[in-house]
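Below is one structure, written out as structure tokens; comments come after it.
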Amino acid sequence: MVLLCQMAPDFEDVWNEHLGDLGVYRIAMEEDHFENRRAWTSTTRQWYSKASHRSPSIGRLYHGLATCAKANTLEQLFFYTKSLCVRVPFLDARDSLATFFKQNMDEEVTGAMDITTVFVRTHGLLFSEKDHNQFIAQSEVLTEHLAASACQWTEDGYHISIVLHCALLEYGSERNPMMRIIKQGRAEEGDLAMSHTQKADEMTPDPNQKFNLALGFVSRAHRAMFGSTGDEKTYSYLHVALVFLHHMSQFPNAMALVGNTMPWREICSFLNRTMQSCSSVQKIESDDLPHSVSRDARPLPEDFALRGLLWTETYYPDEWFSKIGADTNKTGRLTSWMLQERMDRCLWLGCRIAKSGVWLQYDKTVGRFRANSRFDAEL
């Protein structure tokens, strides 16, 4: 099949996926041979990564990657949730996700639970809808520890943020009001000029209890993270959060569901602090997505994780990933260009969100953001 990839390149997508599928069987066969299993896991991941690089909107490829991530619980949760929140979702992943949560929640933990364990179990409670009171209590405990543990984050930050926003979409559920809004297509030109109150009254679907629980969870987490003056490693989390809000800001009826609970004051304070390190005011006020001039437009690690999600389809320019191979999705150490680019991207997204003036305002004359008091809510 490797030869087929070379001899029949028109079918490369099919061959890559089949090679990944074959690798999964080999992983299962090598259950008792650790080194062989690890080698096959690495090889299988490479094939699925190549396939997903060429077809980023196909959910079953991320489900395949989840089977290769059993050594990393958070990454496995990320791939399962992503497989449900792309244009072509893999619906069987809901069963896999239910099994994943059951296994993790049934596992006995001695001593204090680390943040990944608490995070996974909190999502398990939300997904199962079994005990709302326990979920609320667990999510509040988790929120208290998010900012405190941020110094451990690099890759974890954007995985946590993506999973949180997938939870807000009820893990790709068709009944979720925001999923229904997103799938209706992009907001028509001029929507933002309409009355947001009128738009909300006419078009906003009614949220259910699970959505409201998830919204409270996400809002508390954002309030803690944007309100923290914490470690620079949190920028990948904050970048992802602003990408989501930017996309939703194009849909007034979607923002009517979440706008009142988002911590706009903390977001505004974060943006103003970040503005002190802005590399170029002209760059963040431009319509073009900023990127560092010190490199050959290499995407950030979280760009690969975000790519393909329903709420990032309009974020990246068409050629953003065209010259990048699937094997370049490596986090590595936090470098200065990554930090600067994340700061510039956050500021650029802030300027885009502020264009309507409904949730944020941006004063070009002084380079300062201000939250609209109407949406500056306290939880």
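For this structure, a couple of remarks:
- Filter pass, residue 70 being in a loop (DSSP other than H, G, I, E, B) and either of a type outside the set (Phe, Trp, Tyr) or within 13 Å of residue 24 (Cβ to Cβ) (or both): yes
- Checking residue 44 against (1) within 27 Å of residue 122 (Cα to Cα); (2) part of a helix (DSSP H, G or I), the condition it does not meet: (1)
- Entry remark, the stretch 298-328: residues being more than 16 Å from residue 246 (Cβ to Cβ), assigned to a loop (DSSP other than H, G, I, E, B) and modelled with pLDDT under 95 number 9 in total.
- Pairing each residue of the stretch 56-75 that is within 12 Å of residue 308 (Cβ to Cβ) with any residue that is small (Gly, Ala, Ser), provided the two are 6+ apart or on different chains, yields C-beta distances under 6 Å for 56/308; 57/308; 59/83; 61/51; 61/52; 62/83.
- Residues that are over 12 Å from residue 73 (Cα atoms), surrounded by 13 or more Cβ atoms within 10 Å (Cβ to Cβ) and modelled with pLDDT of 85 or more within the stretch 106-128 comprise 122, 123, 124, 125, 126, 127, 128, listed in sequence order.
- Candidates 274, 261, 331, filtered to the one that is at pLDDT below 85, under 26 Å from residue 227 (Cβ atoms) and not aromatic (Phe, Trp, Tyr): 331
- Residue within the stretch 186-206 that is at pLDDT 80 or above and out of contact with any Cys (no Cβ under 8 Å at 6 or more places or on another chain) present: no
The values are calculated or read from the model by the stated rules, or taken from the named source; none is laboratory data. Because the structure is a prediction, the values reported are computed rather than measured. Neighbour counts run over all protein chains shown; Cβ positions are idealised from the backbone, glycine included.
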